[in-house]
């Protein structure tokens, strides 16, 4: 009987130990993933990129607009958006140049995209 109780106690301790290792590994992986994303964001911003989201526009003159993440209510009309990036909700890093030309649509200033890359979040 004592051997049976000891065996159950040992199995219980092993089960708890295995479970706690799994949780710490998951949180470590999540923390390292967040650290990589933060360093990537810092590097991109240092190189002159800004976070943006591509959105479809209901206006005839500009089919897509860039909604800037760090500038509230700021919309840009990219005149040279590549077709591979023409999808609603696409999250991108973008480097752009403002243009001195008439607006093609209301509420969005025209810009020329100098460089664009997909971003994860």
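Structure above, values below:
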{"quantity": "Relative exposure of 16, 79, 113, judged by other C-beta atoms within 10 Å (fewest first)", "calculated": "16, 79, 113"}
{"quantity": "Fewest-first sequence of 76, 85, 49 by Cβ atoms within 10 Å of each Cβ", "calculated": "85, 49, 76"}
{"quantity": "Additional length obtainable on full extension of the chain from residue 40 to residue 86, 0.36 nm per residue less Cα span", "calculated": "14.2 nm"}
{"quantity": "Sequence of 13, 54 once ranked by neighbouring C-beta atoms within 10 Å, starting from the fewest", "calculated": "13, 54"}
{"quantity": "Förster radius 30 Å - calculated FRET efficiency between residue 100 and residue 72 (Cβ-Cβ, nearest 0.05)", "calculated": "0.80"}
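Laboratory data are not the source of any read-out in this text; all were calculated from the coordinates shown. Please read all numbers here as calculations on a predicted model, not as lab measurements. Cβ sites come from the backbone with ideal geometry, for glycine too, and all protein chains shown count toward neighbours.
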